[in-house]
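Here's the structure, in structure tokens; my notes come after.
The values are calculated or read from the model by the stated rules, or taken from the named source; none is laboratory data. In this text the structure is predicted, and so the values were computed from the model without any measurement. Neighbour counts are summed over all protein chains in view; Cβ atoms, including those assigned to glycine, are modelled from backbone coordinates with ideal geometry. To get the accessible areas, we keep the full protein, side chains included, count just its heavy atoms, and leave off ligands, DNA and RNA. Shrake-Rupley method; radii C 1.70, N 1.55, O 1.52, S 1.80 Å.
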Amino acid sequence: DAGVTQSPTHLIKTRGQQVTLRCSPKSGHDTVSWYQQALGQGPQFIFQYYEEEERQRGNFPDRFSGHQFPNYSSELNVNALLLGDSALYLCASSLGLLGYNEQFFGPGTRLTVL
Amino acid sequence: DQQVKQNSPSLSVQEGRISILNCDYTNSMFDYFLWYKKYPAEGPTFLISISSIKDKNEDGRFTVFLNKSAKHLSLHIVPSQPGDSAVYFCAADPQGGSEKLVFGKGTKLTVNP
């Protein structure tokens, strides 16, 4: 049973560029959340997708957008990259929205913005 | 403005002894707390959780204590093992099942053989 997978593992971009990160949830899970973990910090919630819609959003600008596909996989898009966007981006999946459901995290995508 | 604080960046203990990791929070509306463990190059792994209606939850060698009046929780690992060496994150769910977790900065635990 594959857990949460993310691609790519590492990515280097320059300021102003756009990036797309991908996530496949754990088998059977239908909800995907994205987190940003800057160096020396804990993960920060970006947004959550369920039934192909953004259900919750953290304090991130509109440059951060996402999508969820019918097979529950998800993409995180960041436009107009800034140096401060350099971080580890974590995807977490869970099943359902009612009550707290354990989130399983992927290994993350390390984004470096030069 | 950090709502979940882990004030010790690192902790070193001897194998077999107790490890105590601490976490403070500022928002009295938080009602569900979790601990995650993270190894290098891996995503965080859920360890144990506690609801605000309890003051203690045990799972094998791991026990989490919650002191709501002090807005403080702690994770006890007894006995500590070298394989427990990892970064431990305290997290809170601020909306009762929202899964919109608020994390602390983490504490790096090193268990020496």
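Partners of residue B:56 within straight-line reach, counting aspartates and glutamates whose Cα lies under 16 Å from its Cα and excluding those fewer than 8 residues away in the same chain: B:24, B:31.
Take each residue of peptide B:38-50, count the partner chain Cβ atoms within 10 Å of its Cβ, and average: the result is 4.
Protein-only accessible surface at a 1.4 angstrom probe places the residues B:76, A:67, A:10 in the order A:10, A:67, B:76, largest first. Ranked by solvent-accessible area (1.4 Å probe, protein heavy atoms only, all chains present), the residues B:24, B:93, A:62 order from largest to smallest as A:62, B:24, B:93. For the peptide A:37-49, the mean number of other protein chain Cβ atoms found within 10 angstrom of a residue's Cβ is 5. Taking Cα centre as origin and charging only the Cβ of basic (Lys, Arg, +1) and acidic (Asp, Glu, -1) residues, the dipole magnitude of region B:4-112 rounds to 240 debye.
Rounded to the nearest 20 Debye, what is the dipole magnitude of the protein assembly as shown about its Cα centre when Lys and Arg each give +1 and Asp and Glu each give -1 at the C-beta? Walk me through the numbers before you get to the answer.
On the way: 20 positive and 21 negative charges, 140 e Å.
Charge dipole, the protein assembly as shown, about its Cα centre: 680 debye, nearest 20.
Around the Cα centre of chain A, unit charges on the Cβ atoms of Lys, Arg, Asp and Glu (plus for the first two, minus for the last two) sum to a dipole of about 480 debye. Here's the picture: charge each Lys and Arg Cβ at +1 and each Asp and Glu Cβ at -1 in region B:4-112, and of B:45, B:33, B:106 the one pushed furthest to the positive end of that dipole is B:106. Working from Cα pairs under 8 Å separated by at least six residues, relative contact order for chain B is 37 percent. Among A:12, B:20, B:50, the order of accessible area from largest down is A:12, B:20, B:50, computed with a 1.4 Å probe on protein heavy atoms. Between region B:1-67 and region A:48-65, the C-alpha centres lie 27 angstrom from each other. Per-residue extension of 0.36 nm, minus the Cα-Cα distance of residue A:15 and residue A:65, leaves a gain of 16.3 nm for this segment.
Measuring only protein heavy atoms, the 1.4 Å probe finds residue A:32 accessible over about 0 Å².
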